[in-house]
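Here the structure is laid out as structure tokens; the discussion comes afterwards.
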Amino acid sequence: MRISARTVAFTALLAAVICALAPWTIPLGPIPLSLASLGVYFASCVLDCKHGTAATVVYVLLGAAGMPVFSGGRGGFGVIAGPTGGYIIGYIFLALAGGLLIDLFGKEKRAWVYPLAMIAGTVVLYAFGTGWYMIATDAGFLPALAVCVLPFLAGDAVKIAAATAAGFNVRRALRRTVLVPRAPRHKDGETDKRDKTG
């Protein structure tokens, strides 16, 4: 499948959006509330699964390379290796799971699929974040839930609603121009059509 330059550029733009949002945090304890997930939600809603995941991978690689794009303006592989690193890796699987469900079930008028897909992806994100935190800190399951999941439920619900409202409309607008190739045209300017006679 041929990938257009516009699709590559838009994937890079969404990676930049995630990088711009992620450093903004609200302290809630050992793990701050970050806007990184909002950027990943939006990328997953706007792009298809492959390119939404690619945008998220670019964000993670830039942060691992030392750019200050992780929460609190941090960067470097040491952040990933720390107690909150499971969330950073989990963003990739959030984009993969959420984007795949949207690709499979999110047709033109099925806006309700988008929040459900983001919720499913968030469950995967929480699993990575909580499991990683338990290993890094030797915390038990219930204490880890109290730190890694419960404080973020309300905020993530708001972010999912915002990403769905914006992303669904943007995706519809871009579906025929950036993400989906245009139909080939004849030299006389008419759209190429298949021969319906067989």
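The values are calculated or read from the model by the stated rules, or taken from the named source; none is laboratory data. None of these values were measured; they are calculated from a predicted model. FYI the Cβ positions are ideal-geometry reconstructions off the backbone, even for glycines, and counts take in every protein chain you see. Accessible surface is based on the protein model in full, side chains and every heavy atom, while ligands, DNA and RNA are left aside. Shrake-Rupley method; radii C 1.70, N 1.55, O 1.52, S 1.80 Å.
Its DSSP H runs of at least 4 residues, each contributing -39,500 (n - 2.57), put the calculated 222 nm mean residue ellipticity of the chain at -21000 deg cm²/dmol, to the nearest 500.
On segment 1-143, 76 percent of the accessible area sits on carbon and sulfur atoms, based on a 1.4 Å probe. Between TRP24 and PHE105, the contour length at 0.36 nm per residue exceeds the Cα-Cα span by 26.0 nm. Estimated at the nearest 10 Å², the accessible area of ARG172 is 100 Å² with a 1.4 Å probe. Between ALA166 and ALA127, the C-beta separation translates, for a Förster distance of 25 Å, into a calculated FRET efficiency of about 0.40. Taken along the Cα-to-beta-carbon direction at a fixed 7 Å, the label points for ARG175 and ALA157 span 2.9 nm. With a simple spin-label model that places each label point 7 Å from the Cα along the Cα-to-Cβ direction, the separation between VAL57 and LEU142 comes to 4.1 nm. Identify the residues of segment 36-58 with backbone N under 13 Å of a label point that sits 7 angstrom from the Cα of ALA120 along the Cα-to-Cβ direction, or state none. Zone members listed by number: 49. Taking all protein chains as shown and a probe of 1.4 angstrom, TRP112 keeps an accessible surface of around 150 Å².
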